[in-house]
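The values are calculated or read from the model by the stated rules, or taken from the named source; none is laboratory data. Only a predicted model underlies this, so the values are computations on that prediction, with no experimental measurement involved. Backbone-built Cβ (ideal geometry, glycine too); neighbour counts: all protein chains shown. For accessibility, only protein heavy atoms count, side chains too; no ligands or nucleic acids. Shrake-Rupley method; radii C 1.70, N 1.55, O 1.52, S 1.80 Å.
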Amino acid sequence: MFQSKVSGVQVLGKVVGDQADILTPEALTFVAKLHRLFNPTRKQLLQAREDRYRGIQAGDSLDFLPETAHIRNNLTWRAAAPAPGLVDRRVEITGPVDRKMVINALNSAARTFMADFEDSSSPTWFNLVDGQINMRDAVRRTIAFTNAQGKEYKLRTDGKLATLIVRPRGWHMEEAHLLVDGECCSASIFDFALYFFHNAKASVAAGFGPYFYLPKMEHYLEARLWNDIFNVAQDELAVPRGTIRATVLIETIVAAFQMDEIIYELRDHSSGLNCGRWDYIFSVIKKFRHDPRFILPDRADVTM
């Protein structure tokens, strides 16, 4: 078993090859600091999700929040301007973080590529840590791959690579192979912290930046938690605040009533919203499955 040299941190998964270069004492110290600071808030927000769901089951309706009307009604505040590589996002693709797929996606001529540690990737320990190796090499433009048949995959050299955006796992998930003070690390913090620690400055040097897609949120306070983490992470590594940019996926019916607030909470780090339609449809089913007024037609009829 891989022996962590960081107090209070245990790595329970097998570590092979270059994975040790990702799970360095410095990187694990960074992960542990963010987890210790912010995991209590994460757990409180997850409990608030459950409380809200029980309220909906008991007959509460969804509506815009009265306590945040001042945000929705204020036309003067602004989110951050588009960052380098995010100005034109007319063609955006996504895929898992395995090595060949990352190379093909960056070469695809799409404007941006969401490297997905979440839905597109099987969340095995090997896949997740190996994905971090692939992200490191992709940022530095050194990523290459040769398959069993000898076919080589390399990055194109004409400068037309897609801008890399990383999607960590959602707030509800935990990384069971990394314990911090005896509890499972937040999967969101694990994915974000390792990528940011190894690549924040290198991505800026490459002409873009540490960009993220944030999934599965259900409340603007969950966006505030991300923003707090961004600020601490940037301060810790002496990266200017606002260097991080994050696009939020609206994948729940609850978040659809708080879109202004979510952008507001992330405003110095925001790169807008996107709709995750399949999870959005599932969210409607899950939240209102007890209510006969919300029965959907045959799934073939639930289209864009």
Give just the number: which of (1) open to solvent by 80 Å² or more (accessible area, probe 1.4 Å); (2) under 18 Å from H198 (Cβ atoms); (3) in a helix (DSSP H, G or I) does A27 not satisfy?
(1)
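From the list D191, D228, which residue is of a type in the set (D, E, K, R), farther than 28 Å from D63 by Cα and modelled with pLDDT of 95 or more?
Numbers: D228 fails: farther than 28 Å from D63 by Cα.
Answer to the selection: D191.
Please count how many residues of segment 242-297 are hydrophobic (A, V, I, L, M, F, W, C) and within 30 Å of A200 (Cα to Cα). Spell out the reasoning first.
The first filter runs over segment 242-297 and keeps only residues hydrophobic (A, V, I, L, M, F, W, C), leaving 244, 246, 248-250, 253-257, 259, 262-263, 266, 273, 275, 278, 281-282, 284-285, 288, 294-296.
Subsequent filtering for residues that are within 30 Å of A200 (Cα to Cα) retains 244, 246, 248-250, 255, 259, 262-263, 266, 273, 275.
Residues meeting the conditions: 12.
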Any residue at all in segment 257-273 that's open to solvent by less than 20 Å² (accessible area, probe 1.4 Å), out of contact with any helix residue (DSSP H, G or I) (no Cβ under 6 Å at 6 or more places or on another chain) and at negative phi?
no
Testing A48 on (1) at pLDDT below 95; (2) within 27 Å of G272 (Cα to Cα), one condition comes back false. Which one is that?
(1)
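I want to confirm something. Restricting to segment 109-122 and keeping residues that are of a type outside the set (D, E) and buried (at least 16 other Cβ atoms within 10 Å of the Cβ), which single residue is farthest from A162 (Cα to Cα)?
Going through segment 109-122, the residues of a type outside the set (D, E) turn out to be 109-115, 117, 120-122.
Now drop any that are not buried (at least 16 other Cβ atoms within 10 Å of the Cβ), which leaves 110-115, 117, 121.
Working: A110: 6, R111: 5, T112: 5, F113: 6, M114: 9, A115: 11, F117: 17, S121: 19 Å.
Of everything passing the filter in segment 109-122, S121 is farthest from A162 (Cα to Cα).
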Return only the number of the condition from (1) assigned to a loop (DSSP other than H, G, I, E, B); (2) in contact with a Phe, Trp or Tyr (Cβ under 9 Å, 6 or more places away or on another chain); (3) open to solvent by less than 30 Å² (accessible area, probe 1.4 Å) that V6 does not satisfy.
(2)
So V102 ticks every box in (1) open to solvent by 80 Å² or more (accessible area, probe 1.4 Å); (2) touching a residue at least 24 places away in the same chain (Cβ under 8 Å) but one. Which box is left unticked?
(1)
Within segment 127-148, is even one residue without any contact (Cβ under 8 Å) to a residue 12 or more places away in the chain and among the small types (G, A, S)?
yes
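Do we find that R167 is over 21 Å from the mean Cα position of the chain (by Cα) and in contact (Cβ under 8 Å) with a residue 24 or more places away in the chain in this structure? Step through it out loud before you land on a result.
Values: over 21 Å from the mean Cα position of the chain (by Cα): no; in contact (Cβ under 8 Å) with a residue 24 or more places away in the chain: yes.
No.
Every residue in segment 9-24 that is without any contact (Cβ under 8 Å) to a residue 24 or more places away in the chain and in a helix (DSSP H, G or I), please.
Listed by number, the list holds a single entry, A20.
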Might you check whether a residue that is assigned to a loop (DSSP other than H, G, I, E, B), of a type outside the set (V, I, T) and crowded, with 18+ Cβ neighbours inside 10 Å occurs anywhere in segment 35-43?
no
